[in-house]
Amino acid sequence: MQRHDTKLLEVKTGSYGLGAFAAEGMAVDAFLGTYVGHILSNNAAESTSEILAHNGRNYLFEFSADAEIFDAAQVGNLTRYLNHQGNGMDNVDASSMLVNGEHQIGFFTKRSVNAGEEMFLDYGQNYWIHHGGKKGMRDEDTAEDGTSVQ
Ligand SMILES: C[S@@+](CC[C@H](N)C(=O)[O-])C[C@H]1O[C@@H](n2cnc3c(N)ncnc32)[C@H](O)[C@@H]1O
């Protein structure tokens, strides 16, 4: 993460709108990039989520350990196109790490992947029940590992 030595992703039509795909074969624990976005307050995230509920695309990411909400709608990198897959079918994990004194959220492969595979993250167990896939996530929506993304 310090060297920002990321594996290559490409964005194209995926399982749900656009998706992020492996542009090369990757081993387990390969670094895909950090989540980049504006940091929002809870209130701002709430109103952003309401707006995004109408266009169906939501790039908010909350990692409960950091209690910061990132919005990658205006700025961001290819990791914002990671779609959701639950039930252990995801092949990407998020980890919060201290890099050069800053908290950063990094995405890593959970297993080896082949070039061309779509990359999926588990957004969190209650996200789809509570928000129908369109609104921002709160603490109670985090996955068992503390990750919550949309
Ligand atoms: C972070 S964006 C992912 C990129 C998005 N597919 C796009 O085209 O920009 C999250 C949004 O993708 C869609 N999405 C992701 N995973 C999904 C899934 N498993 N089922 C339905 N929609 C999904 C939802 O609209 C969600 O708000």
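At-a-glance table
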| quantity | calculated |
| --- | --- |
| Residue tally, condition at pLDDT 75 or above and either under 16 Å from Met1 (Cβ atoms) or of a type in the set (Phe, Trp, Tyr) (or both), over the stretch 39-72 | 3 |
| Any hit, the stretch 85-101, residues being more than 10 Å from the chain's Cα centre (by Cα), under 21 Å from Ser47 (Cβ atoms) and not in a loop (DSSP other than H, G, I, E, B) | no |
| Subset of the stretch 1-43 [loosely packed, with under 14 Cβ neighbours inside 10 Å, among the polar types (S, T, N, Q) and within 15 Å of the ligand (Cβ to nearest atom)] | Thr13, Ser15 |
| Filter result (touching a helix residue (DSSP H, G or I) at 6+ places or on another chain (Cβ under 6 Å) and either at pLDDT below 60 or basic (Lys, Arg) (or both)) within the stretch 110-129 | Asn126, Tyr127 |
| Close pairs (9 angstrom Cβ cut-off, 6 or more residues apart or separate chains): in a strand (DSSP E or B) in the stretch 106-123, of a type in the set (Phe, Trp, Tyr) anywhere | Gly106/Phe31; Gly106/Tyr35; Phe107/Phe31; Phe107/Tyr35; Phe108/Phe31; Thr109/Phe31; Glu118/Phe21; Leu121/Phe107 |
| The listed residue being farther than 20 Å from Asp122 by Cα, modelled with pLDDT under 85 and part of a loop (DSSP other than H, G, I, E, B), out of Val75, Val36 | Val75 |
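The values are calculated or read from the model by the stated rules, or taken from the named source; none is laboratory data. Because the structure is predicted, anything quoted here is derived from the model rather than measured. Because the Cβ atoms are built from the backbone with ideal geometry, glycine has one as well, and the counts that use them run over all protein chains shown.
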